[in-house]
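Since the structure comes first, as structure tokens, the remarks are kept for the end.
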Amino acid sequence: MVTRKLPRWTGTAVLIGIGMMALVLFGVAWLSANQIRSDVLLPVADDRPYDIEVLRTPPARMVIAGSEDPPRGGTWGFETEGTYTQLTSLISRTETETEWAATSYGEETMVGATGRVDVDAFPVDPTEAFGLGFDDVRAPGDLGPLPAWLIDGRRSTWVIIAHGKGTDSRTQALRMIPSLVESGYPVLVVSYRNDDGAPEDPSGLRSWGLTEWRDLEAAIRLAEREGAQDYILVGHDLGAEVVSTFLHESDQVSRVRGVVFDSPVLDLAGSLNYNSGPVATMVGELGQQMARLRFDMEWDELDQVARADQFDVPILALHGAHDAVAPIAITEAFVAARPDIARLIRFEQGAHGDLWNVDRSRYETEILSFLESLVEDVS
């Protein structure tokens, strides 16, 4: 039998091929990590365009162009660069326009102005939104003072609210505030590093709770100095990861009575890869590993489904069936892992962060009932 020797250059060619493949995979991972940085790690304010035209403004009404935004009935905000209007109920919808019952805050919006829909539904702060007094306080964080809204109440149990991804997202809490205040709860709406008016993290990036939990801890210490005996934590979107990481890492958790999650992100990596095809999932996973090396993103620590056995306080999770940002399936898996302490309220018409908007009565009733189940009445 004759055996042929491979050409001498064959081994070199194989090594070159392996090297080129490794270089390609490295490049794909690097670019994917850049996309992750841009999409979820860079702290940004709401930069959506003001591109919806106001067509007519009959008394106590507003007609706006288009039929897709707001996507459904309910209560929404409509903001231009200088005015704010609350759209309180849908009157009619055609292929080209929608008509809403409307209430202006301050100066009225003029015909021809362009604006955008605001899911937060109220403007600026508790005073502008409701005429409600509040203190603009500062929590002493490890990077510097962190602005927070403080609204007094008669109870000794405080509700402390952690907002979502945007740098100007404390307004997310405005929808919750009236019902909480009417029920006597002091409310503290906190901010994190990289928020507007807050210190910048040395990395310049969001870490989705890996560092921000310390800012929540600073706010809780402030609440205790102001008289809080215990507290209930609320986490919107990113705030759910902040609250969860605080519960895992802080030594200040003994006074936490319970947690409310609204449209929570409970597994950031899983949310990014959810419903992706095989190739996109592979690229995403490569990018996540590169982001772990470049940006210190410890994805496993942000997988609250895998860490479900580490929670030991009652949890109420509210989630929209049509949430395209934080898939409800992940919250369902979390609740299924801890049915002894966690309960899911599913909003069939809800998407991401609009649960109050589409069913205000149910939203407020579920949260207040949960709070009352945890707190002794001291009124």
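Here are the numbers:
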| quantity | calculated |
| --- | --- |
| Ala102 long-range amide H proximity, modeled H, under 5 Å | Arg61, Met62, Thr88 |
| Other-chain or far-sequence residues with amide H under 5 Å of Gly350's (modelled H) | Ala321, His322 |
| Value of [θ]222 nm, deg cm²/dmol, for the chain, DSSP H segments ≥ 4, -39500 (n - 2.57) each, nearest 500 | -9500 deg cm²/dmol |
| Charge context of Tyr274, other residues only, Cβ under 11 angstrom, K/R +1, D/E -1 | -2 |
| Point-charge dipole on Cβ atoms (K/R +1, D/E -1) for the chain, about Cα centre, debye to 20 | 1460 debye |
| Residue-normalised accessible area of the range 267-353, given per residue in Å² at a 1.4 Å probe | 47 Å² |
| Value of relative contact order over the chain, rounded to a whole percent, pairs C-alpha under 8 Å and six or more apart | 14 percent |
| Dipole of the chain [Lys/Arg +1, Asp/Glu -1 at C-beta], most positive-end residue of Ile151, Val40, Phe134 | Val40 |
| Chain lengthening between Leu368 and Gln289 when straightened (0.36 nm per residue, less Cα-Cα) | 24.4 nm |
| Segment Phe130-Leu55, extension gain: residue separation times 0.36 nm, minus the distance between their alpha carbons | 24.2 nm |
| ³J(HN,Hα) computed for each position of the range 206-217 - Karplus, 6.51 cos²θ - 1.76 cosθ + 1.60, integer Hz, glycine/proline x | 6, 10, 6, x, 4, 10, 5, 4, 5, 6, 5, 4 |
| Exposure ranking of Val335, Val242 by accessible area [1.4 Å probe, largest first] | Val335, Val242 |
| Prolate/oblate/rounded call for the range 163-289, Cα gyration tensor, a/c under 1.5 rounded | prolate |
| Net charge of Cβ neighbours under 11 Å - reference Pro71; Lys, Arg +1; Asp, Glu -1 | -1 |
| Which of Val189, Ser244, Ala308, positive extreme of dipole for the chain (C-beta unit charges) | Ala308 |
| Peptides ranked, highest mean first, by Cβ atoms within 10 Å: ranges 39-50, 71-82, 93-104 | 71-82, 93-104, 39-50 |
| Whole-Å distance, taken between Cα centres, linking the range 229-267 and the range 304-371 | 13 Å |
| Carbon + sulfur, % of accessible area of the range 213-273 - ligands and nucleic acids excluded, 1.4 Å | 34 percent |
| Nitroxide proxy distance, nm - points 7 Å out along Cα→Cβ at Ser254 and Thr94 | 6.6 nm |
| The range 78-166 - percent of accessible surface contributed by carbon and sulfur, probe 1.4 Å | 48 percent |
| Test item: Cα-centred dipole of the range 94-141, Lys/Arg +1 and Asp/Glu -1 on Cβ, debye | 180 debye |
| Taking the range 223-379 and dividing mean pair separation by its residue count, relative contact order in percent (alpha carbons under 8 Å, at least six apart) | 23 percent |
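The values are calculated or read from the model by the stated rules, or taken from the named source; none is laboratory data. In this text the structure is predicted, and so the values were computed from the model without any measurement. Note that we place each Cβ from the backbone using ideal geometry, even for glycine, and neighbour counts take in every protein chain shown. For accessibility, only protein heavy atoms count, side chains too; no ligands or nucleic acids. Shrake-Rupley method; radii C 1.70, N 1.55, O 1.52, S 1.80 Å.
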